[in-house]
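The values are calculated or read from the model by the stated rules, or taken from the named source; none is laboratory data. Nothing here was measured: the structure is a model prediction, and the numbers come from that model. Here the Cβ positions follow ideal geometry from the backbone for every residue, glycine too, while neighbour counts run over all protein chains shown. Just the protein is used for accessible areas: all its heavy atoms, side chains included, with ligands, DNA and RNA removed. Shrake-Rupley method; radii C 1.70, N 1.55, O 1.52, S 1.80 Å.
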Amino acid sequence: MVTSGTATTNNNKIKSTINKEKSKNKSTKTTTTATTTKTATTTKIKRKSSCLNKVIIYTSIGMLIISIISTIGFIGFTSYSLLYFPWLRSQPKPNIGDPKSRFGINFKDIEFESFDGENNHSIRGWWIPASKENCRKLCVISIHGSGRDRYEWINHTRLFHEEGISILNYDSIDGVGKSDSSNRGVGYSYREHKDVRSAIRLLKSKEPYSNICKKLVLTGMSLGGGSVIIAAGKDKDLIDGVIAESPYALASSAWRHNIFRFLGAGLGTFFPFIKSPFNQLLPKNPPEIIVNTILKLTEYRIISTTINVTKDDTPLNHVDKISPKPILFIHATHDPVVPYSQSVLLYEKANHPKELWTVHNKTHQTAFYSTSIDQYKHKLRNFIKQL
């Protein structure tokens, strides 16, 4: 028989057991909930971390693509600007007049074929013969610089004429003048020297020029200076002397110099269509590998668009072949376009007879303008005595 005390004790034990089970279940539920919460939190963190990583990766890829596109665009635009800058910048007012209207000197409009008949191009210019009363039987072929035309030399006409010199003054092919063009941009003497060689053959082999041009001098400014050096090195048996003003030894050296000049001053300085703030967006000091790529691309674009030209057709590679014919270099010490060091390099490479006339100023133009006419005449007369 179970007493009431015993029953009570048993009931208490049962209650205690039930409470323990409840407590255990509650604890298990709490632990499970905490674990679930922790797992969910970890999952959320992982998801956020994964999303963040994706954002970083996609952003990096996007920035890399933009960087590559920007670099390619910069290289292409800079190379294009070197070749086509005369047409990109604002054009000066067109030149007017001719030797007759300006100086009362007779002349003839002439047209002759390109050196190798490429694209059936014709070269156009002026033949300005010396007067019969004052004719030295000496001719000068004058070659303008990039972005210029025959008018760069028109003011020399009176001086040459007074000295009894006949003149062939023409516009280079693919330039801004009246000669034919294939719209290939500036050829930086790789192509233009062939125009000089064609002009040499015109004066030395065809009447009436050959009777007048017993002696022949080539003179050129900047690109023209580089062109006459190359042509003279190849045709030294047909010419008698060279006057090269502000020439470059290597076109690539002039390009490099002007790339940094353009970027430093802001492209808007040279190309008015580029407005602020866009004219300051390009880097002022691009990495050397990018600059070298621009130079190689520009050289390739010139050589690949013409015939009978190689990368070795540079003034520096031909200047030592002109001797024993005399050569006079003329260059300003602070020339902003073609550094003075380029003429120094050419002078050092050239063989005698040679002379370097150093003009102490900051101009990029012929000594006819940058010095006095009397100084220029004095140098010209001394040079002619060597012929």
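Structure summary
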{"read-out": "Average accessible surface area per residue within segment 209-265, 1.4 Å rolling probe, Å²", "value": "24 Å²"}
{"read-out": "Residue-by-residue Karplus 3J(HN,Hα) for segment 131-145, coefficients 6.51, -1.76, 1.60, Hz, glycine and proline x", "value": "5, 4, 6, 9, 10, 7, 6, 10, 10, 10, 9, 10, 10, 7, x"}
{"read-out": "Heavy-atom accessible area per residue - segment 67-121, 1.4 Å, Å²", "value": "62 Å²"}
{"read-out": "Loop trypsin sites (Lys or Arg not before Pro), segment 284-378 (other Cβ atoms within 10 Å of the site Cβ: 16 or fewer; DSSP)", "value": "LYS284, LYS311, LYS362"}
{"read-out": "Trypsin sites (Lys or Arg not before Pro) lying in DSSP loop within segment 228-268, provided at most 12 other Cβ fall within 10 Å", "value": "none"}
{"read-out": "Label point distance in nm, ARG136-TYR369, each placed 7 Å from Cα along Cα→Cβ", "value": "2.4 nm"}
{"read-out": "Sequence-distant residues sharing a close amide H with ILE243 (under 5 Å, placed H)", "value": "LEU218, THR219, GLY220, LEU328"}
{"read-out": "Efficiency of FRET between SER304 and SER49 - r from beta-carbon atoms, R0 51 angstrom, step 0.05", "value": "0.45"}
